[in-house]
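Here is the structure we will look at, set down as structure tokens.
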Amino acid sequence: MTIEKAIFEIEKKISIKQAEDFDNVGLLCGNLNREVSGILICHDALEKVVDEAISKNLNLIITFHPVIFSGLKSLTGKNYVEQSVIKAIENKIAIYAIHTAFDNDWFGVNYGICEQLRLKNQQVLMPKPNNLKALEFYVPAEFSATLKEALFSAGAGNIGFYDECSFTISGKGTFRPIEGSNPYSGTKNIRENTTEEMISVTFESYKQNQILAAMKAAHPYEEVAYKIISLDNNNQYAGLGRFGELENEMEEADFLKMVQNAFNLKIIRHSDYNGKKIKRVGVLGGSGASGIKAAMSKNCDAYLTGDLKYHDFFQNEGKMMICDIGHFESEQFVTQQLFEILSEIFPKFAISKSVEKTNPVNYFL
């Protein structure tokens, strides 16, 4: 299996096209045509992780954080990023980053946090806006089933935990082939009346090109009449953060102790107690100050994230406990999650979790 084929299979499960615009995901370095000897999963693709891949004869590193985040103007080994990339290239190791594509995934980073907290009734905290579209087009009735199969295979009609969703209306259409046309049916310069079906499917916007290509390839008409409609609906199954409810409400101190144990934390930075019991909890792995207002709007009693600044703790207005559990600590389950996903995709392939510590933050107690 080539690296290109391996990435193709991974992206069928976790599409990097759902990553945030600011991010740098996908293949960061490596030859797509090289055969994969094995996969190493890590949180940060530091030089010591590349050394680990070399020692284990694994030439594809799947990293959560992209080691190359901003542009590289040179490769001289002057910093930890360049040192890692140079060693990977010299040893023919590919590095592939998944980052916010996994943050936005329903079964991604924040799902892992919520599962650790055993939250019920989970929902996306900040659903992706402008993410859904609808496609409507017309086709002869005898081609309706063929077109639907092509669309479904391209990823259209997926709504939450349902797929192959569509709607069909039968009706009458007219057309007149003119000079230069090569019609599927009908006679040039004569208006034709035909029975057609209008098929409607919804899809995530990043799938548009592949869905249109599938429709046109399967359609019998020379010119396909279709409409793409941008929907105002938020995608409730993709986006940053998550919230849910504890089985039983808890006192604030008891909640903090439970979080500390669940995440094996040495310290939790948190806002003042407000005397409110904790039932609904919001989470956002990594740097999550941007989710505070969203968590408040969802009536969360507590919000867990990392990388908060001094003034971020004032944003709760005394209505919600804000907890900074650490950037790495909030994402610590990612490697195991990716290991389980990739093991399912490649059940007979060599997949390993990195044993190297890459959290740059240490605590003196």
Item checked: Members of the stretch 191-233 found to be β-branched (Val, Ile, Thr) and in a loop (DSSP other than H, G, I, E, B), listed by number -> VAL224
Next item on the list: Would you confirm whether any residue within the stretch 168-182 is surrounded by 15 or more Cβ atoms within 10 Å (Cβ to Cβ), touching a residue at least 40 places away in the same chain (Cβ under 8 Å) and either closer than 30 Å to ILE41 by Cβ or touching a strand residue (DSSP E or B) at 6+ places or on another chain (Cβ under 8 Å) (or both)?
Entry: no
Next item on the list: Just name the residue that is farthest from PHE346 (Cα to Cα) out of those in the stretch 30-86 that are aliphatic (A, V, I, L, M) and touching a Gly at 6+ places or on another chain (Cβ under 8 Å).
Entry: ILE86
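Go through the residues of the stretch 31-40 one by one and say whether even a single one is open to solvent by less than 10 Å² (accessible area, probe 1.4 Å) and touching a Ser or Thr at 6+ places or on another chain (Cβ under 6 Å).
Pass one, the stretch 31-40, residues open to solvent by less than 10 Å² (accessible area, probe 1.4 Å): 38-40.
Applying the additional criterion that residues be touching a Ser or Thr at 6+ places or on another chain (Cβ under 6 Å) yields 40.
Within the stretch 31-40, one or more residues are open to solvent by less than 10 Å² (accessible area, probe 1.4 Å) and touching a Ser or Thr at 6+ places or on another chain (Cβ under 6 Å).
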Checklist line | Residues satisfying the stated conditions in the stretch 141-171, i.e. in a loop (DSSP other than H, G, I, E, B) and in contact with a Cys (Cβ under 6 Å, 6 or more places away or on another chain) | finding: GLY157
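Of all residues in the stretch 215-234, which are among the polar types (S, T, N, Q) and modelled with pLDDT of 90 or more?
Our first condition is that a residue be among the polar types (S, T, N, Q); within the stretch 215-234, this holds for 230, 233-234.
Within the stretch 215-234, just SER230 meets the criteria.
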Next item on the list: Keeping to the stretch 320-332, report how many residues are open to solvent by less than 40 Å² (accessible area, probe 1.4 Å) and either under 16 Å from SER352 (Cα atoms) or touching a residue at least 60 places away in the same chain (Cβ under 8 Å) (or both).
Entry: 7
Next item on the list: Select, from ASN121, ASN130, the only residue that is at pLDDT 95 or above and either in contact with a Leu (Cβ under 9 Å, 6 or more places away or on another chain) or over 19 Å from SER205 (Cβ atoms) (or both).
Entry: ASN121
Notebook entry, point to check: Can you name every residue in the stretch 150-199 that is of a type in the set (A, V, I, L, M, F, W, C) and more than 33 Å from the chain's Cα centre (by Cα)?
Noted result: ILE169, PHE175, ILE178, ILE190
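Is one or more of the residues making up the stretch 213-232 over 30 Å from PHE143 (Cβ atoms) and surrounded by 15 or more Cβ atoms within 10 Å (Cβ to Cβ)? Write out each step before concluding.
Within the stretch 213-232, the subset over 30 Å from PHE143 (Cβ atoms) is 232.
From what is left, the residues that are surrounded by 15 or more Cβ atoms within 10 Å (Cβ to Cβ) are none.
The answer is no, given that none of the residues of the stretch 213-232 is over 30 Å from PHE143 (Cβ atoms) and surrounded by 15 or more Cβ atoms within 10 Å (Cβ to Cβ).
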Item checked: Close pairs (9 angstrom Cβ cut-off, 6 or more residues apart or separate chains): on the phi < 0 side of the Ramachandran plot and open to solvent by less than 30 Å² (accessible area, probe 1.4 Å) in the stretch 257-282, part of a loop (DSSP other than H, G, I, E, B) and at pLDDT below 95 anywhere -> SER271/GLY318
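Could you grab me the full set of residues in the stretch 8-17 that are assigned to a helix (DSSP H, G or I) and either among the β-branched types (Val, Ile, Thr) or crowded, with 18+ Cβ neighbours inside 10 Å (or both)?
Restricting attention to the stretch 8-17, the residues satisfying the condition of being assigned to a helix (DSSP H, G or I) are 8-13, 16-17.
Hits for the stretch 8-17 are ILE10, ILE16.
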Check: Could you count how many residues in the stretch 84-93 are touching a strand residue (DSSP E or B) at 6+ places or on another chain (Cβ under 9 Å) and either part of a loop (DSSP other than H, G, I, E, B) or within 17 Å of LYS56 (Cα to Cα) (or both)?
Finding: 4
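Show me the strands (runs of 3 or more DSSP E) found entirely inside the stretch 235-328 where at least 1 residues are closer than 30 Å to PHE161 by Cα, modelled with pLDDT of 95 or more and under 22 Å from the mean Cα position of the chain (by Cα). Please lay out each step first, then the result.
On the way: elements: 235-250, 278-287, 302-306, 321-324.
Output list reads 235-250, 278-287, 302-306.
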Checklist line | Members of the stretch 113-146 found to be closer than 25 Å to ALA217 by Cα, touching a residue at least 12 places away in the same chain (Cβ under 8 Å) and open to solvent by 30 Å² or more (accessible area, probe 1.4 Å), listed by number | finding: LEU132, LYS133, GLU136, TYR138, ALA141, PHE143, THR146
Check: For the stretch 194-206, which residues satisfy the criterion of being open to solvent by less than 30 Å² (accessible area, probe 1.4 Å) and closer than 14 Å to ALA238 by Cα?
Finding: PHE203
Note to self: All but one of (1) touching a helix residue (DSSP H, G or I) at 6+ places or on another chain (Cβ under 6 Å); (2) open to solvent by 70 Å² or more (accessible area, probe 1.4 Å) hold for PHE22; state the number of the condition that does not hold.
What the structure shows: (1)
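For the stretch 73-83, check the following and say yes or no: at least one residue is within 30 Å of VAL124 (Cα to Cα) and not in a loop (DSSP other than H, G, I, E, B). Steps first, please.
Taking the stretch 73-83 first, the residues within 30 Å of VAL124 (Cα to Cα) are none.
Looking through the stretch 73-83, none of the residues is within 30 Å of VAL124 (Cα to Cα) and not in a loop (DSSP other than H, G, I, E, B).
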Margin query: Please count how many residues of the stretch 286-307 are open to solvent by less than 10 Å² (accessible area, probe 1.4 Å) and at negative phi.
Written below: 10
Margin query: So in the stretch 55-112, with the set limited to residues that are surrounded by fewer than 19 Cβ atoms within 10 Å (Cβ to Cβ) and within 24 Å of the chain's Cα centre (by Cα), which one is modelled with the lowest pLDDT?
Written below: GLY71
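The values are calculated or read from the model by the stated rules, or taken from the named source; none is laboratory data. Computed from a prediction, not measured in an experiment: that's the story for all the values here. No Cβ is skipped: glycine too gets one built from the backbone with ideal geometry, and neighbour counts run over all protein chains shown. Just so you know, the surface numbers come from the protein's heavy atoms only, side chains and all, with ligands and any DNA or RNA stripped out. Shrake-Rupley method; radii C 1.70, N 1.55, O 1.52, S 1.80 Å.
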